[in-house]
Amino acid sequence: MYEYGVDIIFAGHVHNQARTLPVFNGTVMTEHSDDPYANPRAPVNIVSGNPSNAESTSVFSLPPERWTAWRSYAFGYAHVTAVNRTALHVDVV
């Protein structure tokens with residue numbers, strides 16, 4: 001995805017929700033420390049669609065990677081608003 005200039009990747013999963021910093025090959029790729037999502041140089045990954053199917057796993061077994069911005073086992077979903085041609089607002093509820 002990096003080589004094609006993809007900015008954001010949405011994926012569903014039944015166990016958790018997560019958001020990464022812009023990351024490529026295990027390296028956080030940010031230009032702005034105050035807003036790491038401004039003009040990202042690599043894709044941001046959003047995992048969402050946690051319909052509460054924990055399947056006996058209610059805690060993360062490993063600490064977050066350095067590119068993990070947020071993760072949760074809470075029940076929820078993502079609400080995405082296209083602000084304009086160059087901006088999305090993603091609210092994980």
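The values are calculated or read from the model by the stated rules, or taken from the named source; none is laboratory data. It should be emphasised that the depicted structure is a prediction, and the values quoted were computed from it without experimental measurement. When we count neighbours, we look across all protein chains shown, and the Cβ atoms used for this are built from the backbone with ideal geometry, even at glycine. All accessible areas refer to the heavy atoms of the entire protein, side chains included, with ligands and DNA or RNA removed. Shrake-Rupley method; radii C 1.70, N 1.55, O 1.52, S 1.80 Å.
One table, with the values for the structure above:
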| item | result |
| --- | --- |
| Residues that are on the phi > 0 side of the Ramachandran plot and in contact with an Asp or Glu (Cβ under 9 Å, 6 or more places away or on another chain), drawn from the range 2-34 | Gly26 |
| Residues (open to solvent by less than 80 Å² (accessible area, probe 1.4 Å) and charged (D, E, K, R)) located in the range 1-44 | Asp35 |
| Cross-chain or 6+ apart pairs with Cβ under 7 Å, the range 67-93 first and within 20 Å of Ala42 (Cβ to Cβ) and open to solvent by less than 50 Å² (accessible area, probe 1.4 Å), then modelled with pLDDT of 90 or more and in a loop (DSSP other than H, G, I, E, B) | Ala69/Leu21 |
| Out of Glu3, Glu55, sole residue that is at pLDDT below 95 and part of a loop (DSSP other than H, G, I, E, B) | Glu55 |
